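Worksheet for the structure shown next.
Nothing in this text is a laboratory measurement; each read-out follows from the coordinates by a stated rule. It should be emphasised that the depicted structure is a prediction, and the values quoted were computed from it without experimental measurement. As a convention, Cβ positions derive from the backbone with ideal geometry for all residues, glycine included, and neighbour counts pool all protein chains shown.
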């Protein structure tokens, strides 16, 4: 292993961390991991991945909402009306 300033340089594939959980949440996590047949640490990692992905999507939605809130939608009214009229024509003979 390479030495840097007298310390051993180690490259870890996974970072270990300690977290504090309420007892009930810990017990539920333990049961869930057992029922899925995965280690508890893998359950925590997957849960964190999903949480982060959810918030990334939420952030994208918020940014899109800000962009579209500044758009004058009245300029698209003709397109919307054409779409509705087209659907009426396509479905006028359908038996619902």
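General remarks:
- Residues 38, 52, ranked from the fewest to the most other C-beta atoms within 10 Å, line up as 52, 38.
- Under the simplified labelling scheme, the residue 94-residue 60 pair shows an inter-label distance of 3.0 nm, with each label point 7 Å from Cα along Cα→Cβ.
- Cα-based shape type of segment 38-91, given that a ≥ b ≥ c are square roots of the gyration tensor eigenvalues and the cut on a/c is 1.5: oblate
- Once the chain from residue 23 to residue 50 is taken as fully extended at 0.36 nm per residue, the excess over their C-alpha distance is 7.5 nm.
- Least to most buried among 15, 87 (fewest other Cβ within 10 Å first): 15, 87
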